[in-house]
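Peer 1: If you scroll down you'll find the structure; I have some questions about it.
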Amino acid sequence: MSTSTVKASRQAPATAPIVPTGHPLAGTAQVTPGRLAEEDMVDMPPGSGIRRHNDAAFTAAGVTRTVAFEADTMALLEQLVGRGLGIGLVPAATAATMPGVGAVATTGVPPRTVRAVWTASGASPAARAFLQLLRERTPKAPAEDGLGAQRSSS
């Protein structure tokens, strides 16, 4: 059975390290993955999108990091970092909304790719809301066919 699908892909804004108030990296102009790997880290569980991205970024940089704590929500990750249990690497837009920690600019970390797939017969209201949010959060991303969508058959 052949089903037509629509796929969208956007380059999301970069990730940003988050550090507790008073951390030596707070106020640093730019931090490399190598420098981040010198610190204990807090991250999401293996298999989550941001964890896969972060693991790949450190692997690409040729450095090994220590994930001391895993959090299943960004709010918990922020709290763990805020209490000094490690530093984190989160989407830059998310870091900007975390008042309990400081964000640092990074260099050498590739952008994230966010993808969505839905049937060509129409996306659900929730999927349409997600796609609108994706458009709003990635305004500088190139868009072909309204959000970089590509039609395919499977």
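The values are calculated or read from the model by the stated rules, or taken from the named source; none is laboratory data. As the structure is a computational prediction, the values presented were derived from the model and not from experiment. Cβ sites come from the backbone with ideal geometry, for glycine too, and all protein chains shown count toward neighbours. For accessibility, only protein heavy atoms count, side chains too; no ligands or nucleic acids. Shrake-Rupley method; radii C 1.70, N 1.55, O 1.52, S 1.80 Å.
Peer 1: Mind telling me which of the residues Val109, Val117 ends up being open to solvent by less than 40 Å² (accessible area, probe 1.4 Å) and either in contact with a strand residue (DSSP E or B) (Cβ under 7 Å, 6 or more places away or on another chain) or at pLDDT 95 or above (or both)?
Peer 2: Val109
Peer 1: Next question, about the same structure. (1) touching a residue at least 24 places away in the same chain (Cβ under 8 Å); (2) surrounded by fewer than 20 Cβ atoms within 10 Å (Cβ to Cβ): which one isn't true of Val104, the others all being true?
Peer 2: For Val104, the failing item is (2).
Peer 1: A further question on this structure: Name every residue in the range 70-100 that is within 24 Å of Gly27 (Cβ to Cβ), among the hydrophobic types (A, V, I, L, M, F, W, C) and in contact with a Leu (Cβ under 8 Å, 6 or more places away or on another chain), in order of residue number.
Peer 2: Ile87, Leu89, Val90
Peer 1: Mind checking which strands (runs of 3 or more DSSP E) fall wholly inside the range 24-95 and carry at least 1 residues that are closer than 14 Å to Pro110 by Cα and either in contact (Cβ under 8 Å) with a residue 12 or more places away in the chain or open to solvent by 20 Å² or more (accessible area, probe 1.4 Å) (or both)?
Peer 2: Fully inside the range 24-95 and qualifying: 88-91.
Peer 1: Restricting attention to the range 19-49, which residues are farther than 23 Å from Thr73 by Cβ and under 17 Å from the mean Cα position of the chain (by Cα)?
Peer 2: Val31, Thr32, Pro33
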